[in-house]
Amino acid sequence: MISGGAGYIGTHTAVELVGAGFGVVIIDDFSNSDAAAVEGVRRITGVDVPFEQVDTCNEEALRAVFRKYEFDSVIHFAAFKAVGESVSEPLKYYRNNLASFMNICALMREFGRPNILFSSSATVYGEPDALPVTEQSPRQPATSPYGNTKQMAEDILRDCCAAYDGLRGIALRYFNPVGAHPSALIGELPRGVPQNLVPYITQTAAGIRECLSVFGSDYPTPDGTCLRDYIDIVDLARAHVAAVKRMTGGRMKAGYEIFNVGTGRPVSVLELVEGFEKANGLKLNYKIVGRRAGDVPAVWADTDLANRELGWKAERSLEETLRSAWAWEKHVRGME
Ligand code: WQD
């Protein structure tokens, strides 16, 4: 069962799971996605993937899904994820992100379903003391309620797996998910003004945004702009398949495990902008402005543990990824 499965990462994960031969049921409340995303999954896979419109905060409605479907694993994506909004609306974030996850854990236990895969984030590392970041790197105090809900949910999963026999869990800490499915039938569809870099770039290229603002070029990095680990969404989805196989295949070495999911390749904002222009043969309208509050200068993953233990490695090139992002934007805007 994929909660939040109509979302950006959920849809791509559903496609890869079906492609790997898994049966999948998607649940979503459409608070930040829509039915077209589920149709995209069905068109790509050729499978009429079951869907239930459910708010995972509604325990009774969620229990009905557990009664209806015999899944042994859950991938929990359903959460609010706008960092800025979480600062102005902390209760909305704590209630939604934590109550939903506690419902998932409680019902997995109630129905004797063993495997919980949690969608976590590199945001738990804050501003790392050392780079690249490993799974042993210390979590820093969260800089937003959103980031705090990720840390708290990891702790909930850790403690449930330790306390309740038969429950086991994996947390995947994503770095920066980017790109879209090669079919251009599913992709990232942020509502309102995009906060993240790549959707803002593609909307600028599409003429929806006037100009991309590059937030700061005075950081202690090679070209002065922030470094991030941009992980292709299809590679990221495949990491989830590898994690589910690890759990269902009985290959876990502890009741609760954590893996970084990244490329291990730091890329600066300007490198990404220039890479987008080159990959797509266009010029982007951008300007350098002041820093954005809360941005860390550099963060990227040490991917050795996931490579070794999950047998998974990011494969798509940044060029392919940036081309897929643009193809998706053109599809969404009818600019084929
Ligand atoms: C990347 C870089 C910006 C927009 C966030 C969340 C994190 C995770 C991934 C959920 C930074 C710069 C951005 C723009 C810019 N989400 N930028 N102009 O901040 O690394 O991570 O998304 O888990 O939790 O914090 O990603 O894409 O917002 O920014 O210059 O219009 O691009 O300053 O250096 P970030 P981002």
Problem - Tilt relative to the chain, helix 269-280 - C-alpha long axis, 0 to 90 degrees, to 10 - result: 90
Completion exercise
Fewest to most Cβ atoms within 10 Å: 41, 267 sort as 267, 41
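What ranking do 60-69, 180-189 get when scored by the average of other Cβ atoms within 10 Å per residue, highest first?
Sorting 60-69, 180-189 by mean packing, highest first, produces 180-189, 60-69.
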Completion exercise
Cα pairs beyond 30 Å in the chain, in percent, come to 32
Practice task
Would you mind telling me the antiparallel percentage of the DSSP bridges in the chain, rounded to 5?
Solution key: 5
Problem - Within straight-line cross-link reach of residue 278, lysines at Cα separation under 26 Å, skipping those fewer than 8 residues along the same chain - result: 287, 313, 330
Practice task
Go ahead and estimate [θ] at 222 nm for the chain from helices alone: -39,500 (n - 2.57) per DSSP H run with n ≥ 4, summed, over the residue count, rounded to 500.
Solution key: -12500 deg cm²/dmol
Practice task
May I ask for the angle, rounded to the nearest 10°, between helix 8-19 and the longest principal axis of the chain, with both axes built from Cα atoms and the value confined to 0 to 90°?
Solution key: 60
Practice task
Compute the distance in nm between two label points, each set 7 Å from the Cα along the Cα-to-Cβ direction, one at residue 63 and one at residue 111.
Solution key: 1.3
Handout entry: Cβ-based exposure ranking for 144, 317, 100, in which fewest neighbours within 10 Å come first
Key = 317, 144, 100
Problem - Convex hull volume per residue for segment 1-155, taking Cα atoms only, in Å³ - result: 122
Fill in the blank from the handout: The simple spin-label model distance between residue 213 and residue 89, using points 7 Å out along Cα→Cβ, in nm, is 2.2
Handout entry: Rounded to 10°, Cα long-axis angle of helix 233-248 versus longest principal axis of the chain
Key = 20
Exercise for the section: Could you please rank 170, 75, placing first whichever residue has the fewest other Cβ atoms within 10 Å of its Cβ? Expected result: 170, 75
Practice task
In nm, give the distance between the simple-model label positions of residue 53 and residue 193, each being 7 Å from the Cα along the Cα-to-Cβ direction.
Solution key: 3.1
Exercise for the section: Have a look at 147, 186, 134 and report the one farthest towards the positive end of the charge dipole of segment 125-193, computed about the Cα centre with Cβ charges (Lys/Arg +1, Asp/Glu -1). Expected result: 186
Fill in the blank from the handout: Rounded to two decimals, the Rg over Rh value of segment 133-195 from Cα coordinates and the Kirkwood Rh reads 1.08
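Read-outs: derived from the displayed coordinates by stated rules, not from any lab. Note that the coordinates shown come from a computational prediction; the quantities given were computed from them, not determined experimentally. When we count neighbours, we look across all protein chains shown, and the Cβ atoms used for this are built from the backbone with ideal geometry, even at glycine.
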